[in-house]
Amino acid sequence: LALWFPEKLWKMLESDQFRSIWWSEGGKCVAINRDLFEVEVLGRGVCQRVFNTQRIRSVIRQLNLYGFTKVQRDFQRSASLPEFLSEEAAASAHSQILYYYNPSFNRAHPWLLGMCKRR
């Protein structure tokens, strides 16, 4: 039962049922589209609920409790104004994506899942 949250997370990532959460960075990070996740996963009825919460903050708290750290995405900006404005629009849409990393949570190494312990 100590791995309850990481196991659920792994199964969601490996399932094609969810569009709001996926593997990123070659399977080393968890990517979450915050707005879509709130509707698709947390907005489910009681019988279909994946987590025992309807709040993204609670899911993020669980990620932190299991040793996940938020990864910041760095964007290179162009010098020209039209390119800069285009990149700003893309970055704004991208800001809804949350990235979390845990060295023991890696798609290529499922046996490491057992090392994801609650702090």
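The values are calculated or read from the model by the stated rules, or taken from the named source; none is laboratory data. Note that the structure is a prediction, hence the values are computed from the model and not measured. Methodologically, a virtual Cβ is constructed for each residue, glycine included, from the backbone with ideal geometry; neighbour enumeration extends over all protein chains shown. Remember, those area values only see protein heavy atoms, side chains included, never the ligands or the DNA or RNA. Shrake-Rupley method; radii C 1.70, N 1.55, O 1.52, S 1.80 Å.
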Exercise for the section: Determine the pairs where a residue that is within 10 Å of Phe105 (Cβ to Cβ) and among the hydrophobic types (A, V, I, L, M, F, W, C), located within region 17-31, has a partner that is in a strand (DSSP E or B) and open to solvent by 30 Å² or more (accessible area, probe 1.4 Å) with Cβ atoms under 6 Å apart, the partner being 6 or more residues away or on another chain. Expected result: Cys29/Tyr101
Exercise for the section: Give region 1-56 a look and list any residue that's among the basic types (Lys, Arg), within 12 Å of the chain's Cα centre (by Cα) and either in a loop (DSSP other than H, G, I, E, B) or at pLDDT below 90 (or both), or say none. Expected result: Arg19, Lys28
Handout entry: Residues that are under 17 Å from Met12 (Cα atoms) and open to solvent by 70 Å² or more (accessible area, probe 1.4 Å), drawn from region 94-107
Key = Tyr101, Arg107
